[in-house]
Every structure is written in C-alpha cells, then in structure tokens.
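We did not get these values from a lab; they are worked out from the coordinates using the rules stated. No experiment lies behind these values; they were computed from the predicted model shown. Here the Cβ is made from the backbone with ideal geometry for all residues, glycine too, and neighbour counts use every protein chain on show.
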Amino acid sequence: MNSGYQIVVCASIVPDPLQTLEPVAGPQGPALKNEMMLPAVLDPWAAHALFEAAHLARNTPGSKVYLVSLAPKAKLQQVMMTVAQKAPFELIALDGPSGGFTEAADVASALAAAIQAIPDLDRSRLLLFGGWESASRGAGATMQIVGELLGIREQFQGVDELTVGADGSLRILERVEGGKHQVSLCSAAPALLGWATGNLPEPRNNPQVGMLNMRAMMLALQKAKPAHAAAAGVTFAGVAVPKQQRETRLVRDMPAADIAREIVEWIRG
Amino acid sequence: MDSGVTAMETILVLLHTESDGALARSALETLGLARTLGMPFSVGLAGADVKAAADSIAACGATRFLGVAGVEFAQSRYGTDAAAAEALARAADATVILGPATSRWNRVMPGVAHRLGGRADTHATGVGLAEGKLRVTRWYYRQRMEAVIERTHRPWAILVEGGCGEALTGAAGTASVDMIAVDAHSRTEVEGLQSPKTGQQTIRPDADLLFVTGAGWSKNQADGKPRVEEAEKLILGFLDATQASLGSSKSLVDLSGEGQAVLGFLTHLNQIGQTGATPRHRKGLATCCHGEEPHVVGWRFVTERRAVNLDANCGWARGKADVVYVADAFEVMAQVNALLP
Ligand SMILES: Cc1cc2nc3c(=O)[nH]c(=O)nc-3n(C[C@H](O)[C@H](O)[C@H](O)COP(=O)(O)OP(=O)(O)OC[C@H]3O[C@@H](n4cnc5c(N)ncnc54)[C@H](O)[C@@H]3O)c2cc1C
C-alpha cells in the first residue's frame, strides 16, 4: 500500500516587493512598466506553503512534493535557481503571464489541468497547497477554483498550522477576524490549504538539494506548455498608483517630554 | 447572462450571522452600501438560526429575505458555507452578490462564483455606478495599485472590505424569511477559536490607534546593549493604557519566531505589510521601525500616521508619515506612558 502524501503546491512568481511598480497600458490591458525586467521572487505566501509542504513530506515517509507554477518560463527559471535549493520537489511549469491583472479563473483552470495530468495522482493522498493570496492579484480566489475543479471541498484559507493526527486527520489553524485562529479537524486528505505565514522560517539554501532538483527542473521548464491567462470580460476603467506622498513634518531636537505631550494630545484628539 | 450593460441588476446581499445570531458591523456596512446603489435588492442569510438577524434589518428596504439555517451552518467552513451561499444565490437568481469580506465569505465565495458560472472579486473597497454600469474599486499588488473595474461576467460576487460603507442602523422590525432547504456535507468539524499562545490578545481591530513596533526595539541601543525587557514593559504599558491595537514590522516578528529573546507577545498575526495585515485604524504610531515599502503598503488604510525613529532619513520621513519625531523611542514612550492614566 502506498503511504505518505502527494502534496501539490501552486505557486507563481511576483515582482520583488522592494521594486517600485508602475502601471502601464498594454495591448491586453494593464501591465507593469518593464514587467519582464523586474527581479522576481516566489510569491511569498505560496513560498510558505512550499516550505510547509517540504516539512510535512520530510516527516511523512512516502510523500512527494510537486510545485505547479504558471509564469513566464524564462523568469521562472531565474527564480527556480534559488527556490530549488530550499526543498526537494518536482516542478511542473506552465508558460504564461504571471501578472496581477489576469483572471484567477484562467489561472485556476490551467493549474487544475496540469494537476490532473500528474501521472498516478492518488486523490486519497492529495494535499493541495498554495498561498491564501498572491502578492500580485491579491484576490485569494485561485486556489478555491482549483479545488472546485478538482472536486476538493474541504478547503481552508489563511492557514498557519497543520498537524496530522495518528489517524490521518488534519488539525488546521486558519486566520480569522480579531487576531485569532479558527481550529478545525478534517477527517483526512484530500484537502486544500491556502497558507498564510505558517510557522517555519525560510529554509537555508542547500546547494546539494539544488543540484538534485535542477536536472528534472530544466527538463520541466523545457517542456512547459503555453498556458492562457488573460482578463476577458473585464474592463479596467482605471489603474493608478495612489498618491502616497505626504507632507512630512520632521521634528528634530525636541525634548522627549515635549514629544510625549504632543503624541498624547494627538492620541486623545 | 453575459451583458453587464443593463443598469438593472438582480442584487443579493449575502450575509452570515455571528455565533450569537446577530449580524456583524461589516454585514450592516454591506447593506448600507447596497442601498446607495439605488436598485432593488434581496437579502440572503445563512447561520444556525437567521430569524433574529432578519428581524434586526427587517426595514432595510430589501424586496425579499431568503434564509438557510441549521446547526451545520453555525460553523464557518467551506463545504457547508459554499452550499448555503450557492443555494441562496440561485434562489435569488442574482446577477450581483454583495457580501462583507469576512474570513468566512472570503473562504468560499470564489468557489461559489465558479459553481454559478460567474466570477468573484474580493477585497473591494468601493462599489458604485458609472453610466449605468456597476464598477468595483479594488487593490492589486497588495495595496500598491488601485484599479476600477467593470465585468461582463454574471453572477458577479463582490466582497466588500470593512469600513467602506455606512453601517445600516435602526431597521429592526419583523421580517418574513423564505427558508431554503440545503443538504450540505463536510468532513470537517470546527473545534473553536484560539488566540495565539502568547498569553495576551494585542490585536484589536476596532481600536482607534494602531501602535507599530519595529526591529529597533530589540537592537543594541546607545549603551551597546539591547533593552528587551524594558521594551516589553514600555510597549505593554502603552497598550494597556490606550487599548491600541499592536502591529509589527516583519523583521521583529521574524526574530520572535526564531525564538530569540525578543518581545514574546508578538506573532505573525501582528505583522503589518506586504505579507502581513492591512488593518484599518484612524491613527497609527510607528516606533523603531524603518518604514520600508513592503511594510508601509500595510498602512494603506491608516489615515493619520506618526513615527518615532532615531534616523531622520528613515522611510517614514520620505513622505510616508505626517510627522516623524527624530528621537529615542525608549525615552519618548516612557514619557508618554507617564502622561497616560
Ligand atoms: C518578500 C518580502 C515581503 C516582506 N513583507 C513585509 C511585511 O509584510 N511587513 C514588513 O514589515 N516588512 C516586510 N518585508 C521586510 C521589509 O523589507 C523590511 O525589511 C522590514 O520592514 C524592516 O523592519 P524594521 O523597520 O522593523 O527593521 P529595521 O529595518 O531593522 O529598522 C529598525 C529601525 O529602528 C530604528 N531604531 C533603532 N533603535 C531605535 C530607538 N531607540 N528609537 C527609535 N528608533 C530606533 C532604526 O533607526 C531603524 O530605522 C518584506 C520583505 C520581503 C523581501
């Protein structure tokens, strides 16, 4: 009998958060200025999902981690150079746009098709992971649609913790209002978990893991099928970076007691 | 239906009750927003028992009240909530579904819209009409870009963030609710809510003030040593006196997560920013935090901003805060606490 989980992590790439973003009108709708030039990173919350998946797989013999990613192939390859060193996984690459102005529904149907095509996918051992929101579209919609398409209706979002019981049950902590977690017990896989930050620090780069991942990864990138992701039916009436510049009053050389008085007055006002 | 051009939509305001059977403020705000559209709307309610909630908004102007109720709908979970929302949307024949962006609806509505052959937009911060067409305002790239969109897809589920509409008040009465039977299953049991294991709840979404701590609180200070215990006392003292909500930069919560001797009451739930929360507060005070872009995007909905930093060239000073006090936060906060009751 097979044991362990098949953990499929859906993760795309996003512009490095330290970069300045500027919207421009592209032929297919809004895009980012110099989008292809901006350095990219693995989408942060989805990256946490990958780290949690690797951790779970390490502790559950017989498990395997897949990373399914829809992104421009060349950029994905760059990002994979570091991500490949973080954890062992098999990459399934789809070549298409990773920008925020595409529809979650398009991306979800491409991801679901790629997951369905995984040979010997065993639904009873399937854990579908992703970030609860991307740092691009920021909708928190893609994973739910992938789940619906795959018939997985035990879904959790904003997950910070997963504990597998001796009986295979899944104890899951999800972020809810007021800085609290909701605790749920799901009887078993299959289940879908959209991760928030989780509990694990980012793994250090391990060049050996990178070497092991890299060969199969290059092949996966070569084989990457083109995937359609656009925004048919959506009209963008405007996209703008908000005016963020404030007139900052810089207060220097004011005694702490006076600053304190000013702050307290402001708090009370 | 595939044309979004007609002014008339069939609007369903989709709400869920809280554990006490009442409606949360965000639900009342969504109702308030729906009324500003000037179109007829019905209300769909899901929960253990929805009668009290329906009565509390009986005079809201809805053309009809629909309900899905039962013990299985008391819990916030995908399988049952999605079934309830789907049934309510179908019964209302809705082309537009407006709901509050609660964790409960955020979890299910994208999947529900998919089942209905439509689309969902989450985190909407505005919904209005322009030339007879519905328009939604929402952010992309985590609060870094704002877009206004129209859609031809129907039904269109729109989840509205808290604080974006005037909460409906004074609409209590007696409502007649058309109940819909829904057969819903789930392999999940909700056990309850849990606060982070830090001993104290420091996140207060309704507070007027957000107090944000940065990594500076844990760094070596002028005397060459960190003063973490003192920092803890100052921060907790301030929170106690003001009942402010506590936020943090990523650097500081990461340090806490790595088990270093830093502020034990911080968790990732306190983190503000690109990979943290984007809370709504009228005022925000940042201390020992540099004000870098990935952090500041989480301040988008904090109206008045002040910062205390030793560095006059910190990010806040570059047009991100209204006032920056170039000073030692240890000294300033000790004095602030002394002035507070
Ligand atoms: C993918 C990604 C996602 C990210 N997401 C987030 C996010 O969600 N949230 C976030 O916050 N960051 C995020 N970051 C990190 C962000 O870029 C910064 O590194 C971080 O915000 C810096 O935290 P800080 O200001 O607390 O620390 P530092 O940069 O170390 O700044 C400490 C500050 O404290 C001041 N200071 C020290 N002592 C005192 C004193 N006694 N009195 C007054 N001031 C003092 C110093 O002058 C300094 O300005 C992200 C980064 C990446 C790459």
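For an R0 of 30 angstrom, estimate the FRET efficiency from the Cβ-Cβ distance between residue B:233 and residue A:16 and round to the nearest 0.05. The value I calculate is 0.20. Among the aspartates and glutamates, which have Cα under 15 Å from the Cα of residue A:225 when same-chain residues fewer than 8 positions away are ignored? Of all the aspartates and glutamates, those that pass the test against residue A:225 - Cα under 15 Å, at least 8 places apart if same chain - are A:95, A:106. Between residue B:303 and residue B:208, residue separation times 0.36 nm minus the direct Cα-Cα distance comes to 33.2 nm. The amide H of residue A:40, built 1.01 Å from its N in the peptide plane, has A:16 as neighbours under 5 Å, considering only residues 5 or more places off or on other chains.
Report summary: the helix-based calculation at 222 nm, which adds -39500 (n - 2.57) for every DSSP H run with n ≥ 4 and divides by the residues of chain B, gives -7500 deg cm²/dmol. Rounded to the nearest whole Hz, the Karplus-based 3J(HN,Hα) values (6.51 cos²θ - 1.76 cosθ + 1.60, θ = phi - 60°) of the stretch A:189-204 follow the sequence 5, x, 8, 10, 10, x, 7, 8, 7, x, 10, 9, x, 4, x, 5, with x at glycine and proline. Rounded to the nearest 20, the Cβ-based charge dipole of the protein assembly as shown about its Cα centre (Lys and Arg +1, Asp and Glu -1) stands at 960 debye.
Secondary structure note: in chain B, about 20% of the DSSP beta bridges are antiparallel. Here's the picture: charge each Lys and Arg Cβ at +1 and each Asp and Glu Cβ at -1 in chain A, and of A:146, A:227, A:208 the one pushed furthest to the positive end of that dipole is A:208.
DSSP beta bridges confined to chain A are antiparallel in about 40 percent of cases.
Each Lys or Arg adds one and each Asp or Glu subtracts one; over the other residues with Cβ under 13 Å from the Cβ of residue B:39, this totals +1. The HN-Hα couplings worked out from phi for the stretch A:119-129 by the Karplus form 6.51 cos²θ - 1.76 cosθ + 1.60 (θ = phi - 60°) are x, 6, 5, 10, 4, 6, 10, 8, 10, 9, 10 Hz, whole numbers, x standing for Gly and Pro. Ranking B:217, B:319, B:234 by Cα position along the charge dipole of the stretch B:198-339, where only Lys, Arg, Asp and Glu carry charges on their C-beta atoms, puts B:319 farthest toward the positive end. By the count of other C-beta atoms within 10 Å, a proxy for reagent exposure, B:16, A:55, A:228 are ordered fewest to most as A:228, A:55, B:16.
Using the Karplus relation 6.51 cos²θ - 1.76 cosθ + 1.60 with θ = phi - 60°, the per-residue 3J(HN,Hα) values for the stretch A:53-62 come to 4, 4, 5, 5, 5, 4, 8, 10, x, x Hz, with x marking Gly and Pro. Any chance you could give the angle, 0 to 90 degrees and rounded to 10, that helix B:228-242 forms with the longest Cα principal axis of chain B? Once rounded, the angle reads 50 degrees. Electrostatic tally near residue B:74: other residues with Cβ closer than 15 Å to its Cβ, Lys and Arg +1, Asp and Glu -1, net -4. Were the residues from residue A:232 through residue A:183 laid out at 0.36 nm apart, the gain over their Cα-Cα distance would be 13.8 nm. Taking other C-beta atoms within 10 Å as the exposure proxy, A:24, B:324, B:136 rank A:24, B:136, B:324 from fewest upward.
Between the stretch B:52-85 and the stretch A:73-135, the C-alpha centres lie 36 angstrom from each other.
Calculate how many DSSP beta bridges within the stretch B:11-179 are antiparallel, expressed in % of all such bridges and rounded to the nearest 5. Looking only at bridges with both residues in the stretch B:11-179, the antiparallel portion is about 30 percent. When each of A:103, A:161, A:52 is scored by the number of other beta-carbon atoms lying within 10 Å, the sequence from fewest to most is A:161, A:103, A:52.
Separation of the alpha carbons by more than 26 angstrom is noted, of B:133/B:320; A:86/A:223; A:86/B:250, for B:133/B:320. Relative to the globular-protein estimate of 2.2 N^0.38 Å, the Cα radius of gyration of chain B stands at 1.13. Summing Lys and Arg as +1 and Asp and Glu as -1 over all other residues whose Cβ lies under 13 Å from the Cβ of residue A:47 gives a net charge of -4.
For the stretch B:126-192 and the stretch A:150-193, compute the distance between their C-alpha centroids and round to whole Å. Their Cα centres are 24 Å away from one another. Taking amide hydrogens as placed 1.01 Å from N in the peptide plane, the amide H of residue B:151 sits under 5 Å from those of A:235, each at least 5 positions away in sequence or on another chain. Between the helical axis of A:207-223 and the longest alpha-carbon principal axis of chain A there is an angle of about 80 degrees. Taking amide hydrogens as placed 1.01 Å from N in the peptide plane, the amide H of residue A:94 sits under 5 Å from those of A:69, A:70, A:71, each at least 5 positions away in sequence or on another chain.
Under the simplified labelling scheme, the residue A:206-residue B:194 pair shows an inter-label distance of 2.7 nm, with each label point 7 Å from Cα along Cα→Cβ. The overall shape of the stretch A:200-251, judged from the alpha-carbon gyration tensor, is oblate: a/c is not under 1.5, and a/b is no greater than b/c.
Measure nothing but the geometry: give the 0 to 90° angle between the long axis through the Cα atoms of B:103-115 and the longest principal axis through the Cα atoms of chain B, rounded to 10°. Between helix and principal axis, roughly 40 degrees. What percent does the relative contact order of chain B come to when contacts are Cα pairs within less than 8 Å and at least six residues apart? Once divided by the residue count of chain B, the mean separation gives 15 percent. A Förster radius of 41 Å, combined with the Cβ-Cβ distance separating residue A:59 from residue B:181, puts the computed FRET efficiency at roughly 0.40. Take the Cβ atoms of residue B:225 and residue A:266, set R0 to 25 Å, and the FRET efficiency comes out at 0.20. Computed from label points 7 Å out along Cα-Cβ, the spacing between residue A:116 and residue A:243 is 5.0 nm.
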